[in-house]
Each structure stands twice: as structure tokens, then as C-alpha cells.
Amino acid sequence: MDFDRIKALAQDDLERVNREIRARLQSDVVLISQVGSYIVDSGGKRLRPVLVLLACRALGYRGDAQGRAGTTQAHVLLAAIVEFIHTATLLHDDVVDASELRRGHSTANVIWGNEASVLVGDFLYSRAFEMMVEVGNMRVMDILSHTTNTIAKGEVQQLLNCHDPETTEERYLEVIRNKTAKLF
């Protein structure tokens, strides 16, 4: 089964997630909205949110989350949180790697500069944590806060390994586990 067919299983919820993401990207600081919208709309597959939605559906979880934006179904909020964390890592990663292209488009750091990319990435992290509070589940906060910390640790490990010819396969795989696999 290809990913489009899998994605179709959660399409209705995914549309709600996309609306939630757009609403949560709104800020009176125009640069936040611009950079956030640019990277979120740049053609990602939404693999992580789809996995959250399908897991919630498989387990029958829908729950409500009460926050500043009113009542939202918690599974939609959780999927948006995971996408915000992932998107923040992309912004930071592109700066660290001095990347100029992502998904065939100029990276945000090329368009708006490194400083804006890092700070908007920080905004997305902090927005994700605000949203976690709305879910109101300490277990979720525990898992996602440790996950976010592990991702940051993986970024630093990658930086240390970058120019080290003595990097072992084990250290390389640890970076992958921390930077990429942990969020899954």
C-alpha cells in the first residue's frame, strides 16, 4: 500500500490538523507567520501527523483539549504538535547544515537569514509546548518534552561528528536514533 492510500485513511482528520497548524502559526509578528507558513506549506508529506492520527484512530482515542483557541479534539492537536516539533527541527537543521534547498525550494535561512530561522524554530517549539498544556495530559508532556530534548541532543551529536573522521557506525546510528527516530 502506498503512502497516499494510507494518508487517505486519515484525510478528514488531516485537514483539521492543517487548519490547526495554520491557526497556530498566526502571530502579530509578521515574520513568524511568514517563515512558519513557508516551511509548513513547502510540500512535506505530513508523515508524522498521519501516524499520530492513525494510531489514535486504531486505539479509539479522540479526547478533547481545552485551550485558548477553544475546544479542539486532542488527537488533532497532538498531530499538529508533532508537526510543529518536526518543523522546528528542520529550521534549525538547515541553519546548522548551511542548507540552501529543502524539498526543491530555497530554505527559510536562505530567504530570511539564519537568525530568523532559528528564532522561528524556537517559536514553533514553544508553541508546541503551549499546545501540549492544552491537551492536559502529563504523560504526553513527559514523552514529548523528553523527545524534544533527545532531538536537540542528536543535533549536537551530529555537529560533533561532522568533521570527525573517527566517527563510528555506532555513533552515526545514535545520531539517527536521536535526531530522526525518536520523534516517530
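The values are calculated or read from the model by the stated rules, or taken from the named source; none is laboratory data. These numbers come from a predicted model, not from an experiment. Virtual Cβ from ideal backbone geometry, glycine too; neighbours counted across all protein chains shown. We work out accessible area using only protein heavy atoms, side chains counted, and drop any ligands, DNA or RNA first. Shrake-Rupley method; radii C 1.70, N 1.55, O 1.52, S 1.80 Å.
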(request) Identify which of Asp142, Asp13, Asp164 has the largest mean-square fluctuation in a Gaussian network model of the chain, with springs joining Cα atoms closer than 10 Å. (result) Asp164
(message) Is the C-alpha gyration tensor of the chain telling us rounded, prolate or oblate? Criteria: a/c under 1.5 is rounded; beyond that, a/b larger than b/c is prolate, otherwise oblate.
(response) prolate
(request) Would you work out which of Asn18, Leu51, Tyr38 lies farthest towards the positive end of the dipole of the stretch 1-51, given +1 charges on the beta-carbon of Lys and Arg and -1 on that of Asp and Glu, about the Cα centre? (result) Leu51
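Count charges around Glu100 for me, please; just the other residues with Cβ under 14 Å from its Cβ, Lys/Arg as +1, Asp/Glu as -1. Don't skip to the answer; put the middle values down first.
Working: positive: Arg102, Arg103; negative: Asp93, Asp94, Asp97.
Once positives and negatives cancel, what remains is -1.
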(request) When a/c is below 1.5 the answer is rounded, else prolate if a/b is larger than b/c, else oblate, so apply that to the stretch 1-104 with a ≥ b ≥ c taken from the square roots of the Cα gyration tensor eigenvalues. (result) oblate
(message) Suppose every Lys and Arg Cβ carries +1 and every Asp and Glu Cβ carries -1, with no other charges. What dipole size does the stretch 100-184 come out with about its Cα centre, to the nearest 20 debye?
(response) 280 debye
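For a quick protection proxy, order the peptides 76-89, 119-132, 97-110 by their average other-Cβ count within 10 Å, most packed first.
Numbers: 76-89: 25.1, 119-132: 20.4, 97-110: 15.9.
Put in order of decreasing packing, that is 76-89, 119-132, 97-110.
Taking only protein heavy atoms into account and a 1.4 Å probe, give the accessible area per residue of the stretch 95-169 in Å². Before the final figure, lay out each step's value.
Working: 4470 Å² over 75 residues.
That works out to 60 Å² per residue.
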(message) Defining a contact as two alpha carbons under 8 Å apart and six or more residues distant in sequence, what relative contact order in percent does the stretch 1-102 show?
(response) 29 percent
(message) With θ taken as phi - 60° and the coefficients 6.51, -1.76 and 1.60, list the Karplus ³J(HN,Hα) couplings across the stretch 33-39 in order, rounded to whole Hz; mark glycine and proline as x.
(response) 4, 5, 5, x, 5, 4, 6
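At a 1.4 Å probe, what is the % contribution of carbon and sulfur to the accessible area of the chain?
Numbers: 5590 of 10050 Å².
C and S atoms contribute 56 percent here.
Given +1 on the Cβ of Lys and Arg, -1 on the Cβ of Asp and Glu, and no further charges, what dipole in debye does the stretch 96-148 carry about its Cα centre, rounded to the nearest 20?
Numbers: 4 positive and 7 negative charges, 37 e Å.
Value, rounded to 20: 180 debye.
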(message) Could you tell me the relative contact order of the chain? Use alpha-carbon pairs under 8 Å, at least six residues apart, and round to a whole percent.
(response) 20 percent
